[in-house]
Every structure is written in structure tokens, then in C-alpha cells.
1. Any chance region B:167-178 includes a residue that's among the hydrophobic types (A, V, I, L, M, F, W, C) and at pLDDT below 95?
2. Being touching a strand residue (DSSP E or B) at 6+ places or on another chain (Cβ under 9 Å), open to solvent by 10 Å² or more (accessible area, probe 1.4 Å) and within 30 Å of A:Asp173 (Cβ to Cβ), is that true of even one residue in region A:39-48?
3. If the Cβ limit is 8 Å and pairs must be 6+ apart or interchain, which residue in region B:162-175 that is closer than 19 Å to B:Arg31 by Cα and free of Cβ contacts under 8 Å to residues at least 60 places away in the same chain pairs with which residue that is within 12 Å of ligand 1 (Cβ to nearest atom) and open to solvent by 10 Å² or more (accessible area, probe 1.4 Å)?
4. Just to be sure before I move on: is A:Leu283 over 30 Å from A:Thr226 (Cβ atoms), open to solvent by less than 10 Å² (accessible area, probe 1.4 Å), touching a strand residue (DSSP E or B) at 6+ places or on another chain (Cβ under 8 Å) and not small (Gly, Ala, Ser) in the structure I sent?
5. On the basis of being outside any strand (DSSP E or B), more than 10 Å from every other protein chain (Cβ to nearest Cβ) and either open to solvent by less than 10 Å² (accessible area, probe 1.4 Å) or under 12 Å from A:Ala268 (Cα atoms) (or both), does A:Val372 make the cut?
6. Determine which member of the set A:Glu124, A:Glu174, A:Glu120, A:Glu88 is touching a strand residue (DSSP E or B) at 6+ places or on another chain (Cβ under 8 Å), surrounded by fewer than 23 Cβ atoms within 10 Å (Cβ to Cβ) and not in a strand (DSSP E or B).
7. So is B:Asn72 away from ligand 2 (no atom under 16 Å from the Cβ), closer than 22 Å to B:Ser2 by Cβ, open to solvent by 40 Å² or more (accessible area, probe 1.4 Å) and of a type outside the set (Asp, Glu) or not?
8. Considering each of B:Pro166, B:Pro216 in turn, give the residue that is away from ligand 2 (no atom under 16 Å from the Cβ), within 28 Å of B:Glu63 (Cα to Cα) and either surrounded by 17 or more Cβ atoms within 10 Å (Cβ to Cβ) or charged (D, E, K, R) (or both).
Amino acid sequence: MNEQTKTAQHGLSEHSHGAGVPIQIRSARVRSADVNDFELVTQREEQWRYLSTDRLGGLLGDLEEFTGDLGLTAPDDVTTAWVGRDNELFGKAGLPEDRISAAAWTTCDAAYLITVPSNENAQEISLKVTSADSTPSALHLIVDAKPFSNSTIVIDHNGDAVLAENIEINVGDEAQLTIVSIQDWSEDSIHTSAHFIRLGRNARIKHIVVSLGGKTVRVVPSVEYTGPGADANLLGVYFADAGQYLEHRPFIDHSEPNCKSRVTYKGALQGSKAHTVWVGDVLIRKAAEGTDTYELNRNLLLTDGARADSVPNLEIETGQIEGAGHASASGRFDDEQLFYLQARGISENEARKLVVYGFLNEIIEQIGIESVETRLAESIEAELARSTH
Amino acid sequence: MSILQIKNLHVSVDTDQGPKQILRGVDLTIRNGETHAIMGPNGSGKSTLAYSIAGHPKYEVTEGEILLDGENVLEMSVDERARAGLFLAMQYPVEIPGVSVSNFLRTAKTAITGEAPSIRGWVKEVRESMDALRMDSAFTERNVNEGFSGGEKKRHEILQLSLLKPKFAVLDETDSGLDVDALKTVSEGVNRAKEANDLGVLLITHYTRILKYIQPDFVHVFVAGQVAEQGGPELAERLEAEGYDRYVRA
Ligand SMILES: Nc1ncnc2c1ncn2[C@@H]1O[C@H](COP(=O)(O)OP(=O)(O)OP(=O)(O)O)[C@@H](O)[C@H]1O
Ligand SMILES: [Mg+2]
């Protein structure tokens, strides 16, 4: 890959910000459930600077409660319920950090709660979020993984939607959770989703974002620690083709000592006006001594006319850390790799597929859920088949 | 019988300053079982010839032809050429992140023969070929050429040669960067492929030492994009003693 690599540039000033966009450190950002606490959505706001407002369509206006289908498959001891604002879990994992998330929060009087009991046996849960119409709507999900629980949850978004979503994810003390959010909407769909992850003492989360389909997809996962020894592994893989806009903004807020985080996102882009944005924020607060963090984003541009923005930010308030680093690179598809494979008899299509898989493999091999890996492999194949070759 | 004919080949490469002529009328005929050595100064166009045979898109053939058993190679895509029986062991093999050697070899073999090899037979064949080239079997789990040393990359090229069984192989400085033991191992690998498949070899080299292991039938001196002289193995000895001055001045 012919890459331009940016490594270990600490602080926001290293990265170019367009004129008129105020530089805002993550720690100073507004957190509120009240829409009126946020400025209107415009590209002058740091959070929205890459996303033109017409791409957000109906999400800028009034929202209705989600009326699509929530199809759950889970073992018997996993329970679900619709809970109201009075429930102690409503808002426990976090509060909105942008206006659309707050609008969704306000719209939903009830949240769909999935409770994973304390049980050392691994629980496998699948939730299919299917929408059939594009009424601007809002959905609030809460996952409560009890202390010492061990589970895998796959949330799979499909259909036509204009949806603003909040997902609260509580991972109790010593619990282990693998959670996957797949965005595979129809090509006109618009979806913004804020994930609030709250980790207990020694909790471990593997959080995987897979963004494939949708006109506009914006996923903002944020991680908060409430005790020492927790470990967050955030993985993301995305494939944008012509006209698609996919944005991911992971935020890790290290506030407790001796916690670890890894953020690794990789994306492939193909076709004119395929646009991806990755903004990775890591904040290491004064109390978070012994923090070990690394974030990485790489993009592979398969054709001309695609654009990948990649901005890693690291704010460090203590020197007593184990390690902190970041890397970000976007590179064009390397024709020499194609030539090498073709020179061994492999057809151009097959060779492209090998190179793209190879590039994304670092993430794919960490997913560890066969159904998701197969699904991803099929989607990538379909995307590549759609290419102009 | 197989025959590879290169006739009056003119090739130019795209540069920022426009196309640049590199090959200026190359004539070469190689039959199966024959080994032709090509020697010549740096920049004389040896790799350009190798890449042009393989079909690298950077090189444009402006005149002349390449025929494999009478078929027009220049009309074939890169992968079609490989499937027709041409193989290029590259001077600088390319790294392919995330693609394991075992996946790569199986995919290539399947492409060349048109069907997936039987799993057990294939695994065994790969292991035996790797043993013969003194390659640790751990390489199959590594990504193609990623982090390989120079010598390991060259062995990996010859491993592919022995597994893919082409009709003709162009070896572009396969001997460069090999230690004495590796040179012997790799040469034996080439000789085995020659024997097993009656392979025709176009061996590009700067050194006569490899010619002690792989006996050439013909030696061609390549200068300024052309074959300046050809002869038998004795020509290599003379080049080693005298250098290319004679041709470059002429
Ligand atoms: N992309 C390019 N742009 C400019 N010049 C090029 C390009 N590719 C090849 N050349 C030039 O073509 C000439 C022939 O190169 P080639 O690699 O074929 O030489 P060679 O005989 O293989 O040399 P060596 O013995 O050093 O491997 C060189 O002068 C080289 O600089
Ligand atoms: Mg060369």
C-alpha cells in the first residue's frame, strides 16, 4: 500500500481543522438528554463537520418511536422487557453527546432491555432490528450484562430506515461481553447510532462495528470505566461504495487506573463519492494511571473518487501511563499486489478479493463469531462484484 | 514440445516525462528443457524483458511479438499468461498483507489447473516441496512475503515454481541475495522442476556462480535493450573475466 502514515501525533492541533469549525476537546463536550442543550446540527459543529446536513434527512426533524421489528433469539435465562424512564438502567451507561442522539432519547419513553444473568456459561444472543419504512424514528436499547456473565450479542440492522438509535451497554464487574452491531441497511437508509459502554471492575468488552449498507451511517461508540482493570477492545470494519457515507467516532474515556483499550478500525472504499470518516478520541484523565491504549485506523481506497478522512486524537492528563499510541493511514490499492497474484494465474477479480480480505483480515480474524465472519465475507464479495471491473 | 519465441520486441515504460524506450528489438527462442542465461549490465533492460513476458501493465510493447507455441502472448492478460504456462520469479517479490502463504498457494494452484487440488495430496506436496527447499513449514501460516528476508522471498518464488509447474520460467536474479547454501538449495529446486516438467528456463543473473549449479545451454549478453552477443556456457566465463566494457563501448 502506498500509504501516508501519521503516527504518534498527540493533541488536536496536529490535525487540520477546516475554517470556522471550533476545536473542541472531547472532555469538554456537552452531555445531556435535553435537545435544547445542543446547538443545531450544522457542519460548523466539530461533531458534524464532515457530514452535510442533507445526508441526515428526516433525522433533523421530529422523530417517532420505532415501529419496526425486534427479533430476538436467546437462551431462556436471558430476559427482555420494555422499561420506562423510571428504570434505574435508563441513562445509567451514559447520556447523549449530540443533538440527534438527544432527540432520540427524548422521543423514546421506553427502552428495550436485554438482561444477561450472571452465569459463567457463554450465552449467545441475536437481535434483528428490521425496519420496513422510512419514517424518521428513534430506538433505545439497553444491554445489562450482569457481573460475572459471559455473552455474545449480535445486533443486526436491516431494511429501510431513517433511524436515530441509542444503545446503552452495561458490562458488570468481571463480566465478559462480545457485542456486534451490523449496519446493513438498504441504500437509501439513514442511521445514526450512539453506543454508551459502561465497564465495571475487571470487565472485558469486545465491541465490533460492521458497517456495510446505508446511504448515511454514523456510529459513535463511547467507553466509560467505573473501576480498575477493565479492558475494551473496539473493532470496526466497513466497506463503502459509490455514494455511501460511513462515519465512526469511537471515544474512550480513561478515568480509572490500570485499564486497557484497543481501537482498531479498517475500511475499504470503492466508487465515486464513497466517503468514510473515522475520528478516534482517547482521553486519559489524571486518575487513569497505568492506562494502556492504542488506536488505529486504516483505509484502502480501491478506486479514484473515494475519500477517507481519518483523525486520531489523544488527550493525556497524566504522565503515569503504561502506553498510549495511535496510527492512521489511508492508501491506494497497490497494483503491484494485483500483478503478483495475477502472475500466479489468479484472475483479477479473485486477486482483488484476496487483497481486500487480506487488508481487512486483521479485524475479521478477531471477530470470532462464525456467522458474522461468513456474512462479512459474502458482503465483501458482493460489493466487489458490483465494482466497475 | 513447447516453444517460446520473442521476436523483435520493443518495449517502453511510462515515466513522468513520457514514455521511455527500454527494449530495442529483442530476439530469443527458448524450447522446453533448454536453459538460457541472460547476463548484462545494470539498467540494460533484463527485468523489463522479464516483466514484458509476464505482462506487467507498466510496460508497453510498441513493436514485435511474443509467441507461446504459436499463440500470441501479448493478447493475453497477466493471469492468462500464467495459466498458459509462463512463470516469473521476481527480482523483488511483493508483500501481500493478510493473505497467508497456504491460502495463496492453494488459490494459485486452483487457478492454474482449473480445479481445487485434493486437500491431503496438496498438503503433502507443499510440505515436501518446502522440505526440499529447506523452508520451515511455519511459512505457510505467514502472510505472503511479509517480513521475509531477501533469501526467504527467493525460496518462496522457487517453491511456487515447483508447485505450479509452468512450461517456461523466467528467473530474474533469483540468485541475488542468497548465501552459498541457499544458492545450492534453490538451484536444486530449479533443476528438479526442469527434470520433472521439462521446463524451459530464462535465467537472468549477474554471476556465473549459479551457472555452476544450473547449466545453461545458451548465454546471451544483454546490452542497451538488445541481445548483443550469444554463445555457449564459455561466454559466461569470458564475461566474468572481461566484464561488459567491450559491448558497452561498441
Ligand atoms: N518506471 C520507470 N521510470 C523510469 N525508468 C524506468 C522505469 N522502469 C524502468 N526504467 C529504466 O529502464 C531501464 C531498464 O531497467 P531494468 O530494470 O529492466 O534493468 P535491469 O537490466 O533489470 O537492471 P538490474 O541489473 O539493475 O536489475 C533502467 O534504466 C531503468 O531505470
Ligand atoms: Mg533487473
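The values are calculated or read from the model by the stated rules, or taken from the named source; none is laboratory data. In this text, all values refer to a predicted model and were calculated from it rather than measured experimentally. Here the Cβ is made from the backbone with ideal geometry for all residues, glycine too, and neighbour counts use every protein chain on show. When the accessible area is computed, the model is the full protein with side chains, heavy atoms only, and any ligands, DNA or RNA have been set aside. Shrake-Rupley method; radii C 1.70, N 1.55, O 1.52, S 1.80 Å.
1. Yes, region B:167-178 contains a residue that is among the hydrophobic types (A, V, I, L, M, F, W, C) and at pLDDT below 95.
2. Looking for residues that are touching a strand residue (DSSP E or B) at 6+ places or on another chain (Cβ under 9 Å), open to solvent by 10 Å² or more (accessible area, probe 1.4 Å) and within 30 Å of A:Asp173 (Cβ to Cβ), one finds none in region A:39-48, hence no.
3. Listed by first residue and then by second, the contacts come to nothing, as the list is empty.
4. No; evaluated as a whole, the condition is false for this residue.
5. yes
6. None of the other options fit; the residue is A:Glu120.
7. So B:Asn72 fits the description; yes.
8. Answer to the selection: B:Pro166.
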